[in-house]
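Beneath this line is the structure, given in structure tokens, with notes to follow.
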Amino acid sequence: MFTSLRVVVLGACLLAFTAPGMAQTWTHEGGTLTLNEPPERIVALNWAATETLLLLGITPVGVADKAGYSTWVQEPALPGDVANVGTRVAPSLEAIAELKPDLIVTSTEMAPAARLLERIAPTYVISVYTQDSQPFERAREMLLTLGQMTGREDRAESVLADIEQTLGQQRERLEQAGLTDKPVALLNFLDDRHIRIYTPDGLYQKTLDSLGLSNAWQDAGNFWGFASTGLEAVADTRNSRVVVIDPLVPGLADSLASSPFWTYLPAVRNHEIYRVPATWPFGGVYPVKRLAVALTDALIEGGSDNVR
């Protein structure tokens with residue numbers, strides 16, 4: 001049985017389930033969505049949606065880019081028997097229909113196919129990453145809304161409480177270690193001369209803010225929350241710690257170790273280069289927690305003069 005939850009979500013829900021079989025309607029980016037009962041067979045067409053369902057304890061019957069999820073997102077783990085329905089940019093409508101879903105979760109990137117998807121099953125459209133959006137708040141909204149739709153409001157609230165508790169614990173660890181005194185630059189290497197640096201308008205900013213850390217890179221990025229730039233831009237992040245997020249380009253450490261430019265950087269000279277495992281920067285709420293733990297561990301363990 002469903003209970004009502006007072007959460008403002010894109011115009012909010014219009015009705016509440018009070019008994020099995022009673023309809024509830026939500027507004028979303030694609031219009032309105034009405035369900036007569038909690039959906040059980042759900043297809044997720046992006047990884048943020050896949051992650052969100054798994055956090056709710058729901059195994060989707062089908063996902064897009066299944067292999068990629070296991071490589072890049074990893075947590076929460078996706079069971080091996082989940083069907084793959086094609087790519088995130090061009091899923092197979094036939095494969096989706098064969099699964100007989102009673103709910104499809106997608107984003108506005110799939111707008112051209114929205115009407116076709118709705119012919120298969122009710123379709124919930126929410127985009128975590130759009131111009132001027134706040135990714136964590138949008139991901140939080142998706143979690144709470146899907147919690148409503150599936151009768152798992154308590155589970156959704158518990159997930160959010162756990163994330164906030166973890167963030168608080170990691171902040172306390174950093175403060176006790178005296179490691180909130182310097183800004184942090186979060187980046188991936190594209191090659192030995194180019195980087196992707198994470199900006200204040202991205203998902204990772206929630207992690208930094210919650211840990212009491214400032215972002216060494218203050219310029220705005222794209223709506224995905226990063227800027228692609230040359231390695232020389234790191235020189236502008238003075239008096240900061242540089243955190244390199246996996247995966248690394250093969251041979252990168254050796255290339256950087258012999259680079260006069262790299263070895264000149266203050267963070268390199270101060271042994272303040274840190275490396276953390278891969279986290280998916282374009283996901284839902286969970287990467288915020290995962291990065292917080294990895295980042296705190298890395299800072300406490302200490303830095304080096306290269307990306308070993």
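The values are calculated or read from the model by the stated rules, or taken from the named source; none is laboratory data. Since this is a predicted model, take the numbers as computed values, not measurements. Cβ sites come from the backbone with ideal geometry, for glycine too, and all protein chains shown count toward neighbours.
Here are V82, V125: which of them is within 30 Å of A220 (Cβ to Cβ) and in contact with a strand residue (DSSP E or B) (Cβ under 9 Å, 6 or more places away or on another chain)?
Result of the check over V82, V125: V125.
Is it true that E109 is under 19 Å from M149 (Cβ atoms), out of contact with any helix residue (DSSP H, G or I) (no Cβ under 7 Å at 6 or more places or on another chain) and surrounded by 15 or more Cβ atoms within 10 Å (Cβ to Cβ)?
no
Residues that are touching a residue at least 12 places away in the same chain (Cβ under 8 Å) and surrounded by 21 or more Cβ atoms within 10 Å (Cβ to Cβ), at least 3 per element: which helices (runs of 4 or more DSSP H) completely within the range 259-308 meet that?
Those helices (runs of 4 or more DSSP H) span 286-301.
Before we move on, is V73 surrounded by 22 or more Cβ atoms within 10 Å (Cβ to Cβ), at pLDDT below 95, under 18 Å from the mean Cα position of the chain (by Cα) and not acidic (D, E)?
Answer is yes for this residue.
May I ask you to list the residues in the range 169-195 that are over 19 Å from the mean Cα position of the chain (by Cα) and of a type in the set (G, A, S)?
Once the filter is applied, which keeps residues that are over 19 Å from the mean Cα position of the chain (by Cα) and of a type in the set (G, A, S), the range 169-195 yields A177, G178.
Please go through the range 211-239 and give me each residue that is closer than 30 Å to I163 by Cα, surrounded by fewer than 19 Cβ atoms within 10 Å (Cβ to Cβ) and out of contact with any Gly (no Cβ under 8 Å at 6 or more places or on another chain), ordered by number.
Within the range 211-239, G212, S214, Q218, D219, A220, N222, F223, S228, N239 qualify.
Among the residues of the range 36-48, is there at least one that is surrounded by 14 or more Cβ atoms within 10 Å (Cβ to Cβ), farther than 29 Å from V293 by Cα and either out of contact with any Leu (no Cβ under 7 Å at 6 or more places or on another chain) or among the aromatic types (F, W, Y) (or both)?
Yes - at least one qualifying residue is present in the range 36-48.
Taking the condition of being of a type outside the set (A, V, I, L, M, F, W, C), in contact (Cβ under 8 Å) with a residue 12 or more places away in the chain, surrounded by fewer than 19 Cβ atoms within 10 Å (Cβ to Cβ) and closer than 25 Å to A278 by Cβ, how many residues in the range 76-101 meet it?
So the answer is 5.
Sort through V242, V184, V249 and tell me the only one that's surrounded by fewer than 21 Cβ atoms within 10 Å (Cβ to Cβ), closer than 27 Å to Y129 by Cβ and of a type in the set (A, V, I, L, M, F, W, C). Can you show your working first?
Values: V242 fails: surrounded by fewer than 21 Cβ atoms within 10 Å (Cβ to Cβ); V184 fails: surrounded by fewer than 21 Cβ atoms within 10 Å (Cβ to Cβ).
None of the others qualify; the one that does is V249.
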